[in-house]
Each structure stands twice: as C-alpha cells, then as structure tokens.
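Structure first, then comments.
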2 protein chains.
Amino acid sequence: MDSRHLRYFVAAAEVLSFAKPARDLHMNQSPLSNRIADIELEVDVPLFDRSSKKVALAAADQGFLPQALAAVRAFDSVIRVARTVPRSPIERLGLHAA
Amino acid sequence: MDSRHLRYFVAAAEVLSFAKPARDLHMNQSPLSNRIADIELEVDVPLFDRSSKKVALAAADQGFLPQALAAVRAFDSVIRVARTVPRSPIERLGLHAA
DNA sequence: TAAAAATACTCCATAGGTATTTTAT
DNA sequence: ATAAAATACCTATGGAGTATTTTTA
C-alpha cells in the first residue's frame, strides 16, 4: 500500500467527499476514488457507504481511520527525521546550517 | 513512498546487505537496490555506505531506521485492524466467525 | 576468483488523466 | 438541473525481471 493512497482515504474520510479532497490534492476525482476502492479491495473491508451525492464512513471503519492517521503520521515522521539529519561534520556539531 | 519499499530499506538495514533480503523477499537484488536508492533520492539523504562487498549504515541513518520501523509497524496495524473489523451484525455481536 | 552491488536494458502493471454516464438532490 | 461518484478508456511512469559489468574481500 502506498502511503499517498492512504492519505487519499484519510482526506476523504475527513470531509466525507471524494470530489473535494481531489480538488485540494490537485488531482482528479476518478483516480482518487479508484485508489480508495483499491484499498477497500486490499483490506477486504468496505470503508465507505457511497451514494452519488454523499459519502459516509462505513460501519467497518471503526478503528480503521485512527490507524490510518497514525500510519500517515508515522510516514511524515520518517520524512521529517530524514530531512533534519545533519549531513556534514559541521552541521553535526550544530555550528550552523548548510 | 510505498510502505513496501520502506520494508526493503528496513530489511537491508537489519542485515547490512542487499542481496540477502532480496532472496528472503523472493525478489531480485536489482529492484531492491533501486528502490532503496529511490528512497535516498526522495529524502535526499544517503542511508548506506556501499561497497561491492559490504554495506554499512550511513551516518545520516541515526534516527531514520527507528522511524522507518515505526512507520512499517503502523502500516501493519492498519492492515491488522482492517482485517479484524467485524463485517456483519452477527460478527459485531461476537456470536461466531463468518 | 567469487560474491555482492551497480548498471543497462526490457516489459508490464498500474496510477493518473479525460470523457462520459449515472444518480441523488 | 446540478453536482458528485462511478465507469470506460487511454497513456505514461516506474517497478520488477534478466543479463551484464564492476569491484573488493
């Protein structure tokens, strides 16, 4: 599972919409819907109750969203830690930025 | 970043080898090396000191490996939680397995 | 010289885009 | 009638495989 796709799910779950987060993420509604559908297939659990006008969290979602959020945050930490690693001896001594 | 690729990094970091985890993961050494190189490009930090005979964790790795492990475990939790979600009213009541 | 990593390709799966259709409101 | 999600189709990117080269222990 790609962490980016899990972010699609989190974004959709937060606003209960597929079209809106797609706009926010500068992508199309179609692939966002499809990636979320992929996740549902992968974990074999329906995560949303869909209708053409609204989207609701499925009952099976209890527990999934918090875990998804935790995973996304863990990924953010990986990136953040990597970015703040001192690269040079001088940086490692905390003397000044590169 | 794909969680699978982060697992490649963790596997390689744990045994300080690219060829061995590739065998364990039933894949080739080439794509495993390439995906790890991708991660280094993505986070813009060298994670390994390479030579043709050995691989060592780069200095920049301090902090990265633990975070990577945490992220991988968070992903495991996502899958696990999803898999244990009760699907039907009967399951939700804990009466018996599907 | 043997084993491991890098490199150079080839191929295919899939993520994303575009267009359209369906369906609640 | 409108707006949102699903669906169909196309394309291109990139992940994985295979083969080969390089390197160092």
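Taken together, the values in this text are just the output of simple stated rules run on the coordinates, not laboratory data. Note that the coordinates shown come from a computational prediction; the quantities given were computed from them, not determined experimentally. Cβ: placed from backbone, ideal geometry, glycine included. Neighbour counts: every protein chain shown.
Distances between placed amide hydrogens fall under 5 Å for B:Ala58 paired with B:Phe48, B:Asp49, all partners being 5 or more residues away or on another chain. Rounded to the nearest 10 degrees, the inclination of helix A:64-84 to the longest alpha-carbon principal axis of chain A is 20 degrees.
Neighbouring Cβ atoms from other chains, within 10 Å of the Cβ of residues in B:36-42, number 1 on average. Placing a label point 7 Å from Cα along the Cα-to-Cβ direction at A:Pro31 gives distances to the equivalent points in the other copies of 2.0 nm, listed shortest first. Within 10 Å of the Cβ of each residue in B:64-71, the mean number of Cβ atoms contributed by other protein chains is 6. Along segment A:18-24 the Karplus relation, 6.51 cos²θ - 1.76 cosθ + 1.60 evaluated at θ = phi - 60°, assigns HN-Hα couplings of 9, 5, 5, x, 4, 4, 4 Hz to successive residues, with x for each Gly and Pro. Along segment B:36-48 the Karplus relation, 6.51 cos²θ - 1.76 cosθ + 1.60 evaluated at θ = phi - 60°, assigns HN-Hα couplings of 5, 4, 4, 4, 4, 5, 5, 8, 6, 9, x, 9, 10 Hz to successive residues, with x for each Gly and Pro.
Taking each residue in B:48-59, count the Cβ atoms of any other chain within 10 Å of its Cβ, then average. What number comes out?
What the average comes to for B:48-59 is 1.
Under the simplified labelling scheme, the B:Leu25-A:Asn28 pair shows an inter-label distance of 3.1 nm, with each label point 7 Å from Cα along Cα→Cβ. Ordered by the count of other Cβ atoms within 10 Å of each Cβ, fewest first, A:Asp49, A:Asp38 give A:Asp49, A:Asp38. Kirkwood radius and radius of gyration were both taken over the C-alpha atoms of segment A:3-92, and their ratio Rg/Rh is 1.13. If you take the alpha carbon atoms of the protein assembly as shown and fit the smallest convex hull around them, that volume is 152 Å³ per residue.
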